[in-house]
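The values are calculated or read from the model by the stated rules, or taken from the named source; none is laboratory data. Predicted model only: the values in this text are computed from it and were never measured. In this analysis, Cβ positions are derived from the backbone assuming ideal geometry, glycine residues included, and neighbour counts consider all displayed protein chains. Note: accessible area is taken over every heavy atom of the protein model, side chains too, but ligands, DNA and RNA are not part of it. Shrake-Rupley method; radii C 1.70, N 1.55, O 1.52, S 1.80 Å.
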Amino acid sequence: MRTIRFLLQKEFRQIFRNRSILAMVIVMPIMQLLILPLAANYEVKNINVAVIDNDHSSYSQKLITKITSSGYFKLTGYCFSFKQAYRLVETDTADLILEIPRGFERNLVRENEQKLFVAVNAINGTKANLGSVYLMTIIQNFNAEIRLQFIKPARFNPQPVIGITSSNWYNPMLNYHVFMVPGILAVLVTMVGGFLTALNIVKEKEVGTIEQINVTPIKKYHFILGKLIPFWILGNVVFTLGLLVAWLVYGIVPVGSLFLLYGFIAVYLLAVSGFGLLISTFCESQQQAMFVMFFFIMIFILMGGLFTSIDSMPDWAKTVTKFNPVSYLIEVMRMIILKGSSFRNILPQLGVIAVFALVFNGWAIFNYKKTS
């Protein structure tokens, strides 16, 4: 313990001498939590639509007004031909084209039916899919309103009617911040815990102080623990700052136990810091360590369930996510913060992360070559 205490004093002095590390630990997570949830929005709005109104009737005007007043669409072109509207799509001025045929109102009243033409720019698949769904929903609602105008309500309804009342669990207002902030905080904790530890030993190699440490009588596990514990503490500091920002800015208060949340984070930081230390034992320069760590971090983020649901991934990708520690942290963060899950609910994820921690740190200790 005395040896580890001296190593910790050395590490903390080096950390507080380097102001860039302090800025990275304190300022970067706060700024990213303030900016990223505002930009990473699952809602698709401001969809540009070009309208070709060949009917110029009261019904066509009501439909156009209903589309533009929905809050999802922005009328960027009121065209007289499909060719003119198609040019707007080619110049990225319009995302959708809605053509209202001649006789739209007359056919609705007399024939009780009328077809509309919708063309979608599908370069952005997500925007095209959601935009077309939004537009179809608005048209269906408009159709239902028109039908009600011509149907005389009966005194007694001969058909049974089923009333449906829905409630949204865990996120009643469907606020995407509630879903995104815990996931972004999990990624920030991973980046701080993984990147800083990955660069630490390599920095010692570049500066040359690693040679002085190697000739001392400290054990290899002493050295690894001395490198691991400071960044484990800093990771908990980042996590605490993230919870404060989530509460003060977004009003997110963990439903579950904070003690359980910090317990899982403690084990997770051991795993991700051990992974960073393992990478640093293989690398000879900080640049090399940064590129290797960046490669893994990108995979962890993109296949961690932050932006894409794991359930919607192909089978081979689901298998890969089982070896992704970030996916377990994002899942547990949302379980505890939003659902109030108990220790029994997160026990499988905790067991996997504990195995990761043992494997990564044990491998780092074994792989570290203590030679002069």
Qualifying residue in segment 99-106 (condition: surrounded by 12 or more Cβ atoms within 10 Å (Cβ to Cβ), touching a Lys or Arg at 6+ places or on another chain (Cβ under 8 Å) and not in a helix (DSSP H, G or I)): yes
Number of the exception - Ile184 against (1) part of a helix (DSSP H, G or I); (2) within 26 Å of Pro37 (Cα to Cα); (3) open to solvent by 40 Å² or more (accessible area, probe 1.4 Å); (4) of a type in the set (Val, Ile, Thr): (3)
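Let's see how each residue does on (1) under 27 Å from Val27 (Cβ atoms); (2) at pLDDT below 75; (3) not aliphatic (A, V, I, L, M):
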site: Asn214; (1), (2), (3): no, yes, yes
site: Gly226; (1), (2), (3): yes, no, yes
site: Gly256; (1), (2), (3): no, no, yes
site: Tyr262; (1), (2), (3): yes, no, yes
site: Gln287; (1), (2), (3): yes, no, yes
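Look at segment 277-327 and say how many of its residues are part of a helix (DSSP H, G or I), small (Gly, Ala, Ser) and either open to solvent by 70 Å² or more (accessible area, probe 1.4 Å) or in contact (Cβ under 8 Å) with a residue 24 or more places away in the chain (or both). Even if it seems obvious, please write down each step before you answer.
First pass over segment 277-327, keeping only residues part of a helix (DSSP H, G or I): 277-282, 286-302, 310-312, 315-321, 325-327.
When the remaining residues are screened for being small (Gly, Ala, Ser), the result is 280, 289, 312, 317, 327.
Narrowing further to those that are either open to solvent by 70 Å² or more (accessible area, probe 1.4 Å) or in contact (Cβ under 8 Å) with a residue 24 or more places away in the chain (or both): 280, 289, 312, 327.
Of the residues in that region, 4 qualify.
Okay, residues lined up against (1) over 12 Å from Leu98 (Cα atoms); (2) in contact with an Asp or Glu (Cβ under 8 Å, 6 or more places away or on another chain); (3) open to solvent by 60 Å² or more (accessible area, probe 1.4 Å); (4) at pLDDT below 90:
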{"site": "Gln32", "(1), (2), (3), (4)": "yes, no, no, yes"}
{"site": "Glu43", "(1), (2), (3), (4)": "yes, no, yes, yes"}
{"site": "Val49", "(1), (2), (3), (4)": "no, yes, no, no"}
{"site": "Asn54", "(1), (2), (3), (4)": "no, yes, no, no"}
{"site": "Cys79", "(1), (2), (3), (4)": "no, no, no, yes"}
Of the criteria (1) open to solvent by 70 Å² or more (accessible area, probe 1.4 Å); (2) farther than 21 Å from Trp169 by Cβ; (3) more than 24 Å from the chain's Cα centre (by Cα), which one Pro348 fails: (3)
Test: Leu350 is assigned to a helix (DSSP H, G or I), of a type in the set (A, V, I, L, M) and within 20 Å of Ile233 (Cα to Cα): yes
Test result for Asp92, farther than 30 Å from Leu306 by Cα and either open to solvent by less than 40 Å² (accessible area, probe 1.4 Å) or part of a loop (DSSP other than H, G, I, E, B) (or both): no
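Does Ala154 satisfy being open to solvent by less than 100 Å² (accessible area, probe 1.4 Å) and modelled with pLDDT under 75? If you could, list the steps in order and put the result at the bottom.
Numbers: open to solvent by less than 100 Å² (accessible area, probe 1.4 Å): yes; modelled with pLDDT under 75: yes.
Against the criterion (open to solvent by less than 100 Å² (accessible area, probe 1.4 Å) and modelled with pLDDT under 75), Ala154 qualifies.
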Residue match in segment 4-26 (condition: touching a Phe, Trp or Tyr at 6+ places or on another chain (Cβ under 9 Å), touching a residue at least 24 places away in the same chain (Cβ under 8 Å) and among the aromatic types (Phe, Trp, Tyr)): no
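Suppose the filter is surrounded by 20 or more Cβ atoms within 10 Å (Cβ to Cβ), at pLDDT 90 or above and closer than 23 Å to Tyr170 by Cβ; does Tyr268 pass it? Explain how you work it out, then say what you get.
Values: surrounded by 20 or more Cβ atoms within 10 Å (Cβ to Cβ): yes; at pLDDT 90 or above: yes; closer than 23 Å to Tyr170 by Cβ: yes.
The answer is yes for Tyr268.
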Complete set of residues in segment 56-78 that are within 21 Å of Lys115 (Cβ to Cβ) and part of a loop (DSSP other than H, G, I, E, B): His56, Ser57
Test: residue in segment 118-126 that is closer than 20 Å to His56 by Cβ and either open to solvent by 60 Å² or more (accessible area, probe 1.4 Å) or modelled with pLDDT of 85 or more (or both): yes
Which listed residue is closer than 30 Å to Lys220 by Cβ and open to solvent by 30 Å² or more (accessible area, probe 1.4 Å), from Ile353, Ile365: Ile365
Every residue from segment 60-83 that is touching a Lys or Arg at 6+ places or on another chain (Cβ under 9 Å) and among the hydroxyl-bearing types (Ser, Thr, Tyr): Thr68, Tyr72
Criterion (over 16 Å from Val189 (Cβ atoms) and of a type in the set (A, V, I, L, M, F, W, C)) met by exactly one of Phe275, Phe264, Phe294: Phe294
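Is one or more of the residues making up segment 30-48 of a type in the set (D, E, K, R), in a helix (DSSP H, G or I) and within 32 Å of the chain's Cα centre (by Cα)? Steps first, answer last, please.
First, pick out the residues of segment 30-48 that are of a type in the set (D, E, K, R): 43, 45.
Now narrow it down to the ones that are in a helix (DSSP H, G or I): none.
Within segment 30-48, none of the residues are of a type in the set (D, E, K, R), in a helix (DSSP H, G or I) and within 32 Å of the chain's Cα centre (by Cα).
Is it fair to say Ile365 is more than 23 Å from Val202 (Cα to Cα) and in contact (Cβ under 8 Å) with a residue 40 or more places away in the chain? Write out each step before concluding.
Details: more than 23 Å from Val202 (Cα to Cα): no; in contact (Cβ under 8 Å) with a residue 40 or more places away in the chain: yes.
Taking the combined requirement at face value, the residue does not satisfy it.
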Matching residues, segment 234-265, being in contact with a Leu (Cβ under 9 Å, 6 or more places away or on another chain), part of a helix (DSSP H, G or I) and open to solvent by 40 Å² or more (accessible area, probe 1.4 Å): Leu241, Val249, Leu258
